[in-house]
1. Would you tally the residues in the stretch 109-155 being assigned to a loop (DSSP other than H, G, I, E, B), hydrophobic (A, V, I, L, M, F, W, C) and at pLDDT 95 or above?
2. Just checking: which of the helices (runs of 4 or more DSSP H) contained wholly in the stretch 1-80 hold 2 or more residues that are at negative phi and under 15 Å from the mean Cα position of the chain (by Cα)?
3. Considering only residues of the stretch 243-288 that are acidic (D, E) and modelled with pLDDT of 90 or more, which is surrounded by the most Cβ atoms within 10 Å (Cβ to Cβ)?
4. If R110 satisfies all but one of (1) surrounded by fewer than 24 Cβ atoms within 10 Å (Cβ to Cβ); (2) under 16 Å from the mean Cα position of the chain (by Cα), what's the number of the condition it fails?
5. Among R264, R171, which is over 19 Å from the mean Cα position of the chain (by Cα), over 27 Å from S14 (Cβ atoms), of a type outside the set (V, I, T) and in a loop (DSSP other than H, G, I, E, B)?
6. Examine the stretch 70-80 for a residue that is in contact with a helix residue (DSSP H, G or I) (Cβ under 7 Å, 6 or more places away or on another chain), farther than 23 Å from E231 by Cα, of a type in the set (G, A, S) and in contact (Cβ under 8 Å) with a residue 12 or more places away in the chain, and state whether such a residue exists.
7. What number goes with the only condition from (1) surrounded by fewer than 15 Cβ atoms within 10 Å (Cβ to Cβ); (2) charged (D, E, K, R); (3) not assigned by TED's automatic domain parsing to the domain that holds V240 that R8 does not pass?
8. Quick check: is even one residue across the stretch 92-106 in contact (Cβ under 8 Å) with a residue 60 or more places away in the chain and among the polar types (S, T, N, Q)?
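The values are calculated or read from the model by the stated rules, or taken from the named source; none is laboratory data. All values reported here derive from a predicted model rather than from experimental measurement. Cβ placement follows ideal geometry from the backbone for every residue including glycine, while neighbour counts extend to all protein chains displayed.
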Amino acid sequence: MNDAGNTRKPVTTSRLRAMKSRGEPIAVLTAYDYPSAQLAEAGGADVLLVGDSLGNVVQGRETTLSVTLDHIVYHAEMVSRAVTVPFVVADLPFATYHGSVDRSIANISRVMREGGAKGVKLEGGEEILPAVKAAVSAGIPVMGHLGLTPQSVHAIGGYKVQGKESASAKRLLDDALRLEEAGAFAVVLELVTDELAAMVTEKLSIPTIGIGAGPRCDGQVLVFHDILQYELQPRAKKFVKPYANVGSVIRDAVQAYVQDVKDRAFPEEKHAFHMEESVAQQLYGSKE
């Protein structure tokens, strides 16, 4: 049971670590705009992720690679302005935190300053440690992301479960430990075997947030549109549990509205506004 109906204190990175210590699961949900963020906060979410998954569920793209820094800043600003309690984390888009550390920090700073996010999420392991360390040194909370990293979907050969072989499992565990050592406050584990996710969770002192990584992570994250089935033809995903079918409700409501308009059943008299008769006479003259 959450405390959404009570006065809740803002979630912080130290509070998230404390939640891990006492075994309290962390509820994370993506959000992309003002109303979805408000609803997620009212529902009791601890963390809101302005994910580059907006490329899929908002922009209708096949991958997240088309999402730009401007897109993330735009959506993060709406989400951040909508809430006071959840810790708002924003994804850094594809190719915005590799190469020059100065450029990476400049991009991260935009998301924090213009987007209002409290932290950022970076995908990858050893290869992104310079950016993670620089961001942490600058006082920026960083969430890591290992396993299936959607920005590298072409390099890893598609949307496949990660950590099935001993070599890849060891590499992921090592990367998780490196991210913790670099100062990350949490790590997302996406499409990782349950056994490996449990091992990483046990080894780290920072929270693990699973998505398709089994029940033994410190928290879970799902996409707003997935749990609500907020699309015309939702695709079943093994790691998703739908909690509503908003798409069909919206479709039916639109159909009812269109039919009312066609039948002239809307608007009715109660939806109309009227002027004083004397004003009407001045405009159009007497009815006599």
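1. From the stretch 109-155, those assigned to a loop (DSSP other than H, G, I, E, B) are 114-118, 125, 138-141, 148-149, 153-155; that's our starting set.
Filter again for hydrophobic (A, V, I, L, M, F, W, C), leaving 117, 138, 140, 148, 153, 155.
Going one step further and asking which of them are at pLDDT 95 or above, we end up with 117, 138, 140.
So the count comes out to 3.
2. Numbers: elements: 13-21, 34-42, 54-57.
Filter on the stretch 1-80 gives 34-42, 54-57.
3. In the first step, residues of the stretch 243-288 are kept if they are acidic (D, E); the result is 252, 260, 263, 268-269, 276-277, 288.
From the residues that got through so far, the ones that are modelled with pLDDT of 90 or more too are 252, 260, 263, 268-269, 276.
Working: D252: 10, D260: 13, D263: 8, E268: 9, E269: 6, E276: 8.
Looking at the filtered set, the residue picked out is D260.
4. In the conditions (1) surrounded by fewer than 24 Cβ atoms within 10 Å (Cβ to Cβ); (2) under 16 Å from the mean Cα position of the chain (by Cα), R110 misses (2) alone.
5. Working: R171 fails: in a loop (DSSP other than H, G, I, E, B).
Result: R264 is the single residue among R264, R171 that is over 19 Å from the mean Cα position of the chain (by Cα), over 27 Å from S14 (Cβ atoms), of a type outside the set (V, I, T) and in a loop (DSSP other than H, G, I, E, B).
6. no
7. Among (1) surrounded by fewer than 15 Cβ atoms within 10 Å (Cβ to Cβ); (2) charged (D, E, K, R); (3) not assigned by TED's automatic domain parsing to the domain that holds V240, R8 violates only (1).
8. Start the filter on the stretch 92-106 by keeping residues that are in contact (Cβ under 8 Å) with a residue 60 or more places away in the chain, which leaves none.
No: zero hits.
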